[in-house]
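Here is the structure we will look at.
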């Protein structure tokens, strides 16, 4: 975080001195986009402090470019769009650029939130290594990796339709399918302890499960039946895994000015 913040300040801070205070409650390596959200928030605050206009697309490019410099491997776009816009988004990469579309209304997201459970499995190894390994194998035209990317694209398109249809059961099914696609192609995304925990949670009432981010630890996102929540949390805690508060932010980026 410190190198990224230093680069943001160096690039975007206004002339003169300033104090920068950050607060990120996501645990280290959670895989929920905490570093990208911090980059977006800091870039927005510095831009506003310098009196420059807040353009969402420009902020995304600022945050993405500077975080890429800090972690020394390429990053994607999805975490920055989530932080800037909130809610649920479809992000399409076309010939004329990137198109982002909101795919769920607040009422459905509130319903989905009641079915979400987020568990922290512990700090993983550096997630960028997993992502870069996949990226490199794709550039090398590895057949298994190419098949994985095709499967991920199909899963993403199907998930968009499930959100538009407000179909929780289909969302859970596709979450499971996406996880299986990823863990088969990149074994470091999981381990016997994670696989065993997911099996136990499914037997106890979880209907969808996927490790967030690049896997190997971090957070496990679950779609559950609300009445099974207490049982699932107790089961996870017995395995040394803690639950985290989880809400869906529908507002996205907000910049507030306080009076000195």
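The values are calculated or read from the model by the stated rules, or taken from the named source; none is laboratory data. This one's a predicted model, so the numbers in the text were calculated from it and none came from an experiment. No Cβ is skipped: glycine too gets one built from the backbone with ideal geometry, and neighbour counts run over all protein chains shown.
Overview of results
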quantity	calculated
Flag for residue 39 being outside the structural domain of residue 210 (by TED's automatic domain parsing), surrounded by 13 or more Cβ atoms within 10 Å (Cβ to Cβ) and outside any helix (DSSP H, G or I)	no
Selection status of residue 123, outside the structural domain of residue 38 (by TED's automatic domain parsing), in a loop (DSSP other than H, G, I, E, B) and either in contact (Cβ under 8 Å) with a residue 40 or more places away in the chain or surrounded by fewer than 17 Cβ atoms within 10 Å (Cβ to Cβ) (or both)	yes
Residue match in the stretch 171-178 (condition: in the same structural domain as residue 153 (by TED's automatic domain parsing) and surrounded by fewer than 16 Cβ atoms within 10 Å (Cβ to Cβ))	no
Residue count for the stretch 177-209, restricted to those that are over 18 Å from residue 228 (Cα atoms) and part of a helix (DSSP H, G or I)	17
Filter pass, residue 132 being at pLDDT 90 or above and within 17 Å of the chain's Cα centre (by Cα)	no
Any hit, the stretch 236-257, residues being assigned by TED's automatic domain parsing to the domain that holds residue 133, buried (at least 21 other Cβ atoms within 10 Å of the Cβ), touching a strand residue (DSSP E or B) at 6+ places or on another chain (Cβ under 8 Å) and in a loop (DSSP other than H, G, I, E, B)	no
Filter result for the condition that a residue is assigned to a helix (DSSP H, G or I), without any contact (Cβ under 8 Å) to a residue 40 or more places away in the chain and either touching a helix residue (DSSP H, G or I) at 6+ places or on another chain (Cβ under 8 Å) or within 28 Å of residue 250 (Cβ to Cβ) (or both), over 137, 100	137
Top-ranked residue in the stretch 1-22 [being in a helix (DSSP H, G or I) and within 20 Å of the chain's Cα centre (by Cα); ranked as modelled with the highest pLDDT]	4
Single match in 57, 7 (criterion: in contact with a strand residue (DSSP E or B) (Cβ under 9 Å, 6 or more places away or on another chain) and farther than 25 Å from residue 134 by Cα)	57
Options 70, 83: the member that is touching a residue at least 60 places away in the same chain (Cβ under 8 Å), surrounded by 14 or more Cβ atoms within 10 Å (Cβ to Cβ), more than 18 Å from the chain's Cα centre (by Cα) and not in a loop (DSSP other than H, G, I, E, B)	70
Which numbered condition residue 25 misses (of (1) assigned to a loop (DSSP other than H, G, I, E, B); (2) modelled with pLDDT under 95; (3) within 18 Å of the chain's Cα centre (by Cα); (4) surrounded by 13 or more Cβ atoms within 10 Å (Cβ to Cβ))	(4)
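Per-residue answers, yes or no, for (1) crowded, with 18+ Cβ neighbours inside 10 Å; (2) in contact with a strand residue (DSSP E or B) (Cβ under 8 Å, 6 or more places away or on another chain); (3) at pLDDT below 95; (4) within 28 Å of residue 85 (Cα to Cα):
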| position | (1), (2), (3), (4) |
| --- | --- |
| 162 | yes, no, no, yes |
| 185 | yes, no, yes, no |
| 193 | no, no, yes, no |
| 200 | no, no, no, no |
| 208 | yes, yes, no, yes |
| 226 | no, no, no, yes |
